[in-house]
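Here's the structure, in structure tokens; my notes come after.
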Ligand SMILES: [Zn+2]
């Protein structure tokens, strides 16, 4: 299932920062894991109040913002260098355009059998 991405202001995210960090296990090495709720697909999300509504926001996107001071746009995807979609370590996150994201998923699916070259 493709999850919906939401636009959200950096102010709303800043307000949530400590709450979010409190729910992340942060070892000095390796992947950071979420101790809060996650949806059926296992992707960590957090409820953020924004513009008089509640948004179920993907935590990795918030972490990207805290690290780089850039709120990922609707058409930008936060990918995982470590291939662990639950990981929240900003050092393991990368920003992908939709094109890059598509290329990335076809590269990593490994079912095509054309990897030999
Ligand atoms: Zn990781």
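Only the coordinates and a few stated rules stand behind these numbers; no lab work does. None of these values were measured; they are calculated from a predicted model. Here the Cβ positions follow ideal geometry from the backbone for every residue, glycine too, while neighbour counts run over all protein chains shown.
Please state the shape class of the stretch 10-107: rounded when a/c is under 1.5, otherwise prolate if a/b exceeds b/c and oblate if not, all from the C-alpha gyration tensor.
Here the stretch 10-107 falls in the oblate category.
Would you list 28, 7 from fewest to most Cβ contacts within 10 Å?
Ascending number of Cβ neighbours within 10 Å: 28, 7.
Starting from 0.36 nm per residue, how many nanometres of slack lie between residue 22 and residue 43 once their C-alpha separation is accounted for?
In short, 5.8 nm is gained.
What spacing in nm lies between the two simple spin-label points modelled at residue 35 and residue 83, each 7 Å away from Cα in the Cβ direction?
So the two model labels end up 2.9 nm from each other.
Tell me the relative contact order for the stretch 10-107 as a rounded percent, counting alpha carbon contacts under 8 Å between residues six or more apart.
Once divided by the residue count of the stretch 10-107, the mean separation gives 24 percent.
Compute the distance in nm between two label points, each set 7 Å from the Cα along the Cα-to-Cβ direction, one at residue 12 and one at residue 99.
Label at residue 12, label at residue 99, 3.0 nm between them.
Which part of the stretch 65-87 falls in the paramagnetic zone of residue 53, meaning amide N under 18 Å from the point 7 Å along Cα-to-beta-carbon?
In the stretch 65-87, the label zone of residue 53 (backbone N under 18 Å from the point 7 Å along Cα→Cβ) covers 73-75.
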